[in-house]
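Novice: One structure is given below, represented as structure tokens, and several questions about it will come after.
Read-outs throughout are calculated quantities, based only on the coordinates presented, and are distinct from any laboratory measurement. Quick caveat: nothing in here was measured; it's all calculated off a predicted structure. Ideal geometry is used to build each Cβ from the backbone, glycine not excepted, and the neighbour counts take in all protein chains shown.
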Amino acid sequence: MSCEKEIYMSLIDKVLDHEASEEEQYELRQHMSHCDFCREHFTAMTELLDELREARHVTAPEGFTESVMSRLPLSATKIKRRRWFQKHPVLTAASLFFVLMSASVLATWNEGNELSVETNSKHVKVIPSSHLVVVPKGETVKGDLIVENGDVRIEGKVEGDVVVIKGERYMASAGEVTGDSKEIHQVVDWAWYKLKHLFISEDR
Amino acid sequence: METFIKSLVSRVKEGDHEAFEGLVELFKDKIYRLCYRMVGNRHEAEDLAQETFVRAYTKINQYNGEYKFSTWLYRIATNLCIDRLRKKKPDFSLDAEVPGADGATLYSQVATAEPLPEEAVVEKEKHDQLQQEIIKLPEKYRTAILLKYVEDLSLEEIGKIMDLPVPTVKTRIHRGREALKKVFRMVTKSR
Ligand SMILES: [Zn+2]
């Protein structure tokens, strides 16, 4: 069994490569409605190409990037990493994108509800039951204060940065923060913050 | 995206290897996939894909932007894969032409080629069988078929990667496809 008209073979190729016009597609369909050979050929080719496209699901194995990086002739990674981060906010935004792409980041953002407080100071008052952290009046907290899943009330002074993740920051009139102060409500900001934190703490 | 890739490349050229990490992240799946389809073995594919990136890193100053960065990477990868395949099959004649549009000679080559025992036992799925058939294709057809249908590249891009004029690329895709179709039909019908 074969088709007497050679032309349909090249027409089938054209259709499969999405190069055929509407008219040509119509012409082929008409022909295939009474030519078993071409219809079978077309079906087999379509199935074959679909199978080939299936191959797109193959992805590089876990740890691939790390392995490549470890094979490169490198030196002084950490110092460079930090400089790179500071110098290239745009590229860091791209890294942020990769961080965000990982499902674990989103899961962590959605799951974590525990109040967590990061500080070097003993003057910070933590009230877990009401998810509240207080910098009492007259006290000075030296260093950064990072609070996750809770509110912060600043009545005294913080000589450093204040970061509130998934919480509000209230400043009393006497309250003072010498460094940066910010609230993080969005997963994007949060991932950004985590990323920055990761780079910087790695250097210390 | 292209602008972003360009900026990463120029950072790497200035000695910033962290920017290279971004490039690896961007292209690792494509390159690994191509290597896997070329050599048909995951371990070897991983090794070849990693080697591709290591070469790209060490030769980054030779990349002059004449091609897209991805095209340049694909070139490195296909060359490495072909080198590896040639070492494995020293008697395989690359220049053997396949006469006739019906692909008869190619077909008989495909049909008599040795199956890969390791893969044949482990993987039974249809697309894995197809993978087997891809592996048996002479590499010039294989490369063209993979770049076209798996990586979805244009004929012009494939031409740049393979250093071939577009009409030749077209012929190779056509013949490779015909040969694959025949074995693929046998596979599906024998079930
Ligand atoms: Zn017909």
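Novice: Can you give me the distance in nm between label points at A:SER10 and A:GLU176, each placed 7 Å from the Cα along the Cα-to-Cβ direction?
Specialist: Calculated label separation equals 8.5 nm.
Novice: Separate question: Any idea what the dipole of region B:137-191 comes to, in debye rounded to 20, about its Cα centre with Lys/Arg Cβ at +1 and Asp/Glu Cβ at -1?
Specialist: Values: 13 positive and 7 negative charges, 110 e Å.
The dipole magnitude comes to about 520 debye.
Novice: Could you pull out every residue, at least 5 positions away or on a different chain, whose amide H is within less than 5 Å of the one on A:ILE165? Hs are placed 1.01 Å off N in the peptide plane, and Pro or chain starts have none.
Specialist: For A:ILE165, whose amide H was placed from the backbone, the distant partners under 5 Å are A:VAL147, A:GLU148, A:ASN149, A:GLY150, A:ILE184.
Novice: I need the GluC sites (Glu not before Pro) found in region A:114-183, filtered to DSSP loop residues with at most 14 other beta carbons within 10 Å of theirs. Spell out each step's value before the answer.
Specialist: Values: sites: A:GLU114, A:GLU118, A:GLU139, A:GLU148, A:GLU155, A:GLU159, A:GLU168, A:GLU176, A:GLU183; in loops: A:GLU114, A:GLU139, A:GLU155, A:GLU168.
When the GluC sites (Glu not before Pro) of region A:114-183 are filtered for loop state and at most 14 Cβ neighbours within 10 Å, A:GLU114, A:GLU168 remain.
Novice: Per residue of region A:25-38, in order, report the coupling 6.51 cos²θ - 1.76 cosθ + 1.60 (Karplus, θ = phi - 60°) as ³J(HN,Hα) in whole Hz, putting x for Gly and Pro.
Specialist: Couplings: 5, 4, 4, 5, 4, 4, 5, 5, 5, 10, 10, 4, 4, 5 Hz.
Novice: Report the Cα centroid-to-centroid distance between region A:5-24 and region A:117-136 in angstrom, as an integer.
Specialist: Each part reduced to its Cα centre gives a spacing of 72 Å.
Novice: Can you give me the long-range amide H partners of A:VAL141? Hydrogens built in the peptide plane at 1.01 Å from N, cutoff under 5 Å, separation of 5 or more residues or another chain.
Specialist: A:LYS157, A:VAL158, A:GLU159
Novice: Let me ask you something else. Using 1/(1 + (r/R0)^6) with R0 = 41 angstrom and r between the beta carbons of B:GLU156 and B:ARG42, what's the FRET efficiency to the nearest 0.05? Write out the running numbers ahead of the final one.
Specialist: Details: r = 31 Å, r/R0 = 0.75.
Taking R0 as 41 Å, the efficiency between B:GLU156 and B:ARG42 is 0.85.
Novice: Roughly how many nanometres apart are two label points built 7 Å out from the Cα toward the Cβ at A:ARG29 and B:GLU66?
Specialist: It is 4.6 nm.
Novice: Got a sec to turn the phi values of region A:114-131 into Karplus ³J(HN,Hα) couplings, 6.51 cos²θ - 1.76 cosθ + 1.60 with θ = phi - 60°, whole Hz, x for Gly and Pro?
Specialist: Running phi through 6.51 cos²θ - 1.76 cosθ + 1.60 with θ = phi - 60° gives 6, 5, 10, 10, 10, 6, 9, 8, 8, 7, 7, 9, 10, 10, x, 4, 10, 6 Hz.
Novice: Between A:PHE37 and B:VAL166, how high is the FRET efficiency from 1/(1 + (r/R0)^6) when r is the Cβ-Cβ distance and R₀ = 30 Å? Nearest 0.05. Can you show the working numbers first?
Specialist: Details: r = 30 Å, r/R0 = 0.99.
According to the calculation, E is roughly 0.50.
Novice: Return the loop-located trypsin sites (Lys or Arg not before Pro) in region A:1-48 (DSSP other than H, G, I, E, B) with at most 14 other Cβ atoms within 10 Å of their own Cβ; answer none if there are none. Present the calculation step by step, with values, prior to reporting the outcome.
Specialist: On the way: sites: A:LYS5, A:LYS14, A:ARG29, A:ARG39; in loops: A:LYS5.
Sparse-neighbourhood loop trypsin sites (Lys or Arg not before Pro): A:LYS5.
Novice: What are the ³J(HN,Hα) values, in whole Hz, obtained from phi via the Karplus relation 6.51 cos²θ - 1.76 cosθ + 1.60 with θ = phi - 60°, for each residue of region A:173-183 in sequence order, with x given for Gly and Pro?
Specialist: 4, 8, x, 8, 10, 7, x, 6, 9, 7, 10
Novice: Give the average, rounded to an integer, of partner chain Cβ atoms located within 10 angstrom of each Cβ in A:39-52.
Specialist: Working: counts 0, 1, 2, 0, 1, 7, 6, 0, 6, 12, 6, 2, 14, 13.
Counting other chains' Cβ atoms within 10 Å and averaging over A:39-52 gives 5.
Novice: Taking only the alpha-carbon positions of region A:2-54 and ignoring solvent, what does the Debye formula give for the base-10 log of I(q)/I(0) at q = 0.20, 0.31 Å⁻¹?
Specialist: -0.67, -1.30
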